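Below is one structure, written out as structure tokens, with a few remarks after it.
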Amino acid sequence: MSINKRKSLNADCKDGYTQIANLILEVLPMARINSTQMSICLFLLRRTYGWQTDRDAISLREFAAACGGSSIPYISRQVNDLLRKRIIRRLVYEPGRTPVYEFVTNVEEWEGNSIDLALLAGNEAGEVYQLSKEGLRRSRSAGMEALHNCEGVNPEGLSEPASLVLYQQAREGLSFPATVNEHPPPAGRGIEPGLKKEIKKVNKKTHFYREDEWPFRLAQLLLIKIKETLPGFKNPDLQSWAVGMDRLLRIDKRPAEEVRAVINFAQGDPFWQTNTLNADGLRKHYDQINMLRRQQRDLPAQQNGAREKKTYAVNSDKYERFFQ
């Protein structure tokens, strides 16, 4: 709901709310990110979990607007840093299309120096996130007071836990079925055609490659081999590289082990290592590289065969007089 539609600027769940896992609220304040990156994360959570989904297409202009009108180049750098830290993930990144992002809820996937997991465990063990005894006492007291104020409700004889249950059930707008974030759109409008089409594309074509899947493993191998030669090589979006590797395996019907061998060969060759700095380059020149790889692989065997033939010829000349 927009600000001009709200009754006031006083935060009220009746105006919409977002269901976020407690762990996210625990790790974000501890994350080693700057204030702009924190704003990007909060905005992404608002655009996704605020609408009961885990991903959304968001432009840099929208990120910039949500972060107080920051410049787009600056926001782009901050988004890329969050991608590098694996705190957020870019699922769709193609020319002419708005990128699709999601918040990485598995904190173990975050870059090691982005969060102190030991400190998080210590906070949980120390019950830092538990309601204090004073807060618990006051909430129970408020529950009893609410029951006294409810018409037709007699709190006498009720234990404190029972009074709290009745109090929670009496709170308007906070029952379990009330999970929507905002008021529904006017009847008959529905979803805009362009947005509906974009959502349909994302749902059908977007695939997140896990680290144990071959496309992602091959993309990761290519990056490792490139960095052996170019240590300062900029970290790419491995998901987009995995798309190219998936096409090699699925469309071009290349065996995974062969692709791995071609990657190792290409990045060990002074010429081809400069022409295969991404998955698309590898796929474009795959046949040429693989043919050269096979030729060089078979060359030692051919040379050994020629050497054996020559040795046999010498030996045969040595005993040729016995057959004359």
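The values are calculated or read from the model by the stated rules, or taken from the named source; none is laboratory data. Everything numeric here is computed off the predicted structure, so don't read it as measured data. In this analysis, Cβ positions are derived from the backbone assuming ideal geometry, glycine residues included, and neighbour counts consider all displayed protein chains.
Quick look at the numbers
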quantity: Selection count where residues are more than 15 Å from residue 294 (Cβ to Cβ) and either surrounded by 15 or more Cβ atoms within 10 Å (Cβ to Cβ) or among the aromatic types (Phe, Trp, Tyr) (or both), scope the range 239-262; calculated: 11
quantity: All positions within the range 101-136 that are under 23 Å from residue 45 (Cα atoms) and aliphatic (A, V, I, L, M); calculated: 104, 107, 115, 117, 120
quantity: Hits in the range 73-116 (condition: surrounded by 14 or more Cβ atoms within 10 Å (Cβ to Cβ) and farther than 23 Å from residue 49 by Cα); calculated: 116
quantity: Helices (runs of 4 or more DSSP H) contained in the range 218-321 and holding at least 2 residues farther than 22 Å from residue 208 by Cβ and at pLDDT 90 or above; calculated: 256-268, 279-284, 286-318
quantity: Close pairs from the range 34-47: first at positive phi and in a helix (DSSP H, G or I), partner acidic (Asp, Glu) and modelled with pLDDT under 95, Cβ under 9 Å, at least 6 apart; calculated: none
quantity: For residue 28: the one exception among (1) in contact with a Phe, Trp or Tyr (Cβ under 8 Å, 6 or more places away or on another chain); (2) surrounded by 15 or more Cβ atoms within 10 Å (Cβ to Cβ); calculated: (1)
